[in-house]
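Chemist: Just dropping this structure here.
The values are calculated or read from the model by the stated rules, or taken from the named source; none is laboratory data. Source: prediction; values computed, not measured. Neighbour counts run over all protein chains shown; Cβ positions are idealised from the backbone, glycine included. Ligands, DNA and RNA are excluded from the accessible area calculation, which covers all protein heavy atoms including side chains. Shrake-Rupley method; radii C 1.70, N 1.55, O 1.52, S 1.80 Å.
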Amino acid sequence: MFHVVQYRPLIIQKNLSSMCLKLMFSRPVAFAEIWKSWFSSHSLVGNKNIILMGLPGAGKTTVGRIVGQKLDCPVIDIDDNVLEATWNMSVSEKLKDVGNEQFLEEEGKALLKFSASGSVISLTGSNPMHSAAMQHMKKNGIVVYLDVPTPVILSRLKSMKVDRIVSQSPGISLKDILQFRKQFYKRWYDIRVLCGWDIAAEVAEKVLDAVKKYQNSELESFISTRSSASGRSMEKDSCKYFSDVVTEGLAPDGGLFVPKRGLPKFTAGEWQSLIESTYIERAQVILERCIHPADIPASKLAEIIGTAYGENFTCSKIAPVRHLTGNQFLLELFHGPTASFKDFALQMVPHIFAYCIPRSCNYLILVATSGDTGSAVLDGFSRLHDADKQRIAVMNFFPENGVSPIQKSQMIGCQKENAWSVGVKSDFDFCQTAIKQIFTNSDYTGFLTVEYGTALAAANSINWARLLPQIVYHASAYLDLVHQDIIPFGSPVDVCIPTGNFGNILAALYAKMMGIPIRKCICASNENNVLTDFIRTGVYDLRGRKIIPTFSPAVDILKSSNLERYLHLIANEDGQLVTQLYNQLENKGHFQLEKDLLEKLQQDLVAGWCSEEDCLAAIHSVYSTTGYILDTHTAVAKVVADRLQDRTCPVIISSTAHYSKFAPAILRALRIAEIKQNPLSQLHLLSSYSPLPPVHWGLLETLKKTGNEDHQVCAADMSMLMSHIETLIQNHFM
């Protein structure tokens, strides 16, 4: 059916197809499929409207005219073409006539009677405050939010001699009302365009580019690190999307999923627009660029981020940056519920996973941990809604004698009705390799699906969704230094990261690719220093090496899974080369990079390692001079940073865990007499010294619990691990 509506001389036609209606009301997974199908066969606009939304002074009208000219389609300004035509008076006259509250209602009524298709529409600044009107507009439109920083808006409004806007009550500043308005805008947009001080023509180009990407989700598909550049080796379903890689974890050919076209780039101006933003606001902007809305719409993503970081972190800044000494700064990543950097991803990933998976299947998440991942996964998935916990369970494998006593107690204490821990009588590398082999055993995974209706998925850092939240905190740390006037934007920093599985440092490298001015990433190893040797020589050699248990168990790793993603990147996505290297590592225990690749690698990375003695000495020295207690992993990074960083720019050291998790080593480092007491007693002893930062509350609460003290233990045998998996499935899902 066609509706013709006339406003002034402008005639607009509306044609809502059945496909558009399906798009609005389908379930999440079906929505993604229909959305991709619909846009693959339509032009840039088609029957949909491009609806520009933003604060007063955001430039909606001017940008709308430019976009309309470029698309050769009608341009509608709600103020001029709809409201004034409906009321037969100016907007300012109407506002004066009816007052603030009634004006919003009258504005909404006018919009509810309005219909259009294939047009560019510029909303008023107050339209998004009327829910029914915005729901009506979204039915046939792509809402584009022109996100202009408040200081820029205030400057523009001042130049326009505007000192009051709709709904601004006496005594409330213009700045406060603008901030108040933003909460309404965030409910409605499909696409965000960061504007900054960009001129209207530049913003219009950004809008067109963003709409194009929005309509063509194939631009944001994924390939395996072991596929050819064209992705042809992934034979059956060569086109994988974010929701696919979240649920599948590992690529069918044994490689890791990466974005086919790489990660999005931010301009300097776009990064600068985030300097005044909160951590949650930065996370929203960055992750929107990395996750296509066909997989997770912006409104749902905002809900997930808010749930992950809203109340679960003890520090309101989420990931604060603290000055340590000289040019060294600590990025504190331990304020989450389980006291390690793993919480940043694993408070989000369970909700992402629950949203992306189909409702018709049960899922068992398999995890291998060297210490911190286990409790973070167990805690994260235990916070799902009850309905999701019934269809999603977690099994965590950890080296029975390869984690700290408190880490072990924490993993046991974090067990819930859908989350279990299994100690394996081996090391982390065995646990990780075993999970990879299980995932690539199609006979076994097929058996689980047919027999039990259960699919397997991974929550280790091999899962792409684990890496994205880590990119956020590396970017945020740099922006915090700018915000604190430590450096101007554009000045370089180095980052130093205790590194085992290469995920955290890879996220820093990704932040650098996206436009954060990181000069060097310093890879800090403990005595398991295979990565140090590799970065210095290009030779990755596992022959004759065995894991050495250390005070920093989270980096007691020899096979660094995420290194494969980085090699794929610097090898210009040469999947055949990556396959060759990793086949050689698997069969012969080593591989060597060609000279040109090693040179590329060394442009990004430098590496060093730290002995056990130096680790403890660093903890003692820092405490003696500053009163601050480093955990053992952060101490490793501090030692390496002292040796390798040239002090010509700031260095941000990732403090990846709270010292409370490693109380025996900390007590030893501080030269407090070693005591043969349980983990809870050790934390109370540390707390008696009034340390900075205080003992972690989450650990204390977990260790105080008396239930769930038992856990399963199994031999380092694949058949035994599979047996445990089947038993869990039978007990939870059947």
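Chemist: Taking loop as defined by DSSP and a crowding limit of 16 other beta carbons within 10 Å, which GluC sites (Glu not before Pro) in the stretch 591-646 fit?
Modeler: E594
Chemist: For K436, go through the aspartates and glutamates and keep the ones whose alpha-carbon is under 13 Å away, minus same-chain ones fewer than eight residues off.
Modeler: Of all the aspartates and glutamates, those that pass the test against K436 - Cα under 13 Å, at least 8 places apart if same chain - are E248, D253, E586.
Chemist: Could you tell me which of the pairs K182/K512; K186/K300; K317/K342; K60/K158; K113/K186 are separated by over 19 angstrom between their Cα atoms in the structure shown?
Modeler: The answer is K182/K512; K113/K186.
Chemist: With every protein chain present, what is the per residue accessible area of the chain (1.4 Å probe, Å²)?
Modeler: Here the per-residue accessible area is 39 Å².
Chemist: Between Rg and the Kirkwood Rh of the chain, both from Cα atoms, what is the Rg to Rh ratio?
Modeler: On the way: Rg = 27.2 Å, Rh = 27.4 Å.
Rg/Rh for the chain comes to 0.99.
Chemist: Another question about this same structure. Describe numerically, in nm with one decimal, the distance between label points set 7 Å from Cα along Cα→Cβ at R359 and at Q580.
Modeler: 5.0
Chemist: Return the whole-Å distance between the Cα centroid of the stretch 566-601 and the Cα centroid of the stretch 290-325.
Modeler: The stretch 566-601 and the stretch 290-325 have Cα centres separated by 34 Å.
Chemist: Next question. Given 25 °C and 0.890 mPa s, how large is the Stokes-Einstein diffusion coefficient of the stretch 516-655 in µm²/s, with Rh as the Kirkwood radius over Cα pairs?
Modeler: Details: Rh = 16.3 Å.
Once the numbers are plugged in, D ends up at 151 µm²/s.
Chemist: Compute the Cα gyration tensor for the stretch 49-215, then decide on rounded, prolate or oblate, letting a ≥ b ≥ c be the square roots of its eigenvalues: rounded whenever a/c is under 1.5, prolate when a/b is larger than b/c in the other cases, and oblate in all that remain.
Modeler: oblate
Chemist: Oh, and also: For the chain, give the percent of accessible area contributed by carbon and sulfur heavy atoms, probe 1.4 Å, rounded to a whole number.
Modeler: For the chain, the apolar C and S fraction of the accessible surface comes to 50 percent.
Chemist: What is the sum of charges around S461, taking Lys and Arg as +1, Asp and Glu as -1, for the other residues whose C-beta is under 13 Å from the C-beta of S461? Numbers along the way, then the final one.
Modeler: Details: positive: K342, K436, R466, K559, R565; negative: D372, E564.
Within the 13 Å Cβ shell, the charges total +3.
Chemist: What share of all Cα pairs of the stretch 154-304, in percent, falls into each consecutive 5 Å distance bin?
Modeler: Whole-percent P(r) values from 0 Å outward: 1, 8, 14, 16, 17, 14, 11, 7, 4, 3, 3, 2, 0.
Chemist: Mind checking which aspartates and glutamates have their Cα closer than 19 Å to the Cα of K109? Skip sequence neighbours fewer than 8 apart in that chain.
Modeler: Partners found: D77, D79, D80, E84, E93, D97, E101.
Chemist: Kirkwood Rh and Cα-based Rg: tell me the resulting Rg over Rh for the stretch 128-196, rounded to two decimals.
Modeler: 1.00
Chemist: If you average the sequence gap of Cα pairs under 8 Å that are 6 or more apart and divide by the length of the chain, what percent do you get for the contact order? Show your work: numbers first, answer last.
Modeler: Details: 1340 pairs, mean separation 91.5, N = 734.
With pairs under 8 Å counted, the relative contact order is 12 percent.
Chemist: Moving on to the next point. Using 0.36 nm times the number of residues separating E701 and I672, minus their current alpha carbon distance, what extension gain do you get?
Modeler: 8.0 nm
Chemist: Still on this model: Quick one: grab the alpha carbon gyration tensor of the stretch 264-419, order the square roots of its eigenvalues as a ≥ b ≥ c, and give me rounded if a/c is under 1.5, else prolate or oblate depending on whether a/b is larger than b/c. All intermediate terms of the calculation are to be shown ahead of the outcome.
Modeler: Numbers: a/c = 2.30, a/b = 1.19, b/c = 1.93.
It comes out oblate by the Cα gyration axes.
Chemist: Where both partners of a DSSP beta bridge lie in the chain, what percent of those bridges are antiparallel, to the nearest 5?
Modeler: 25
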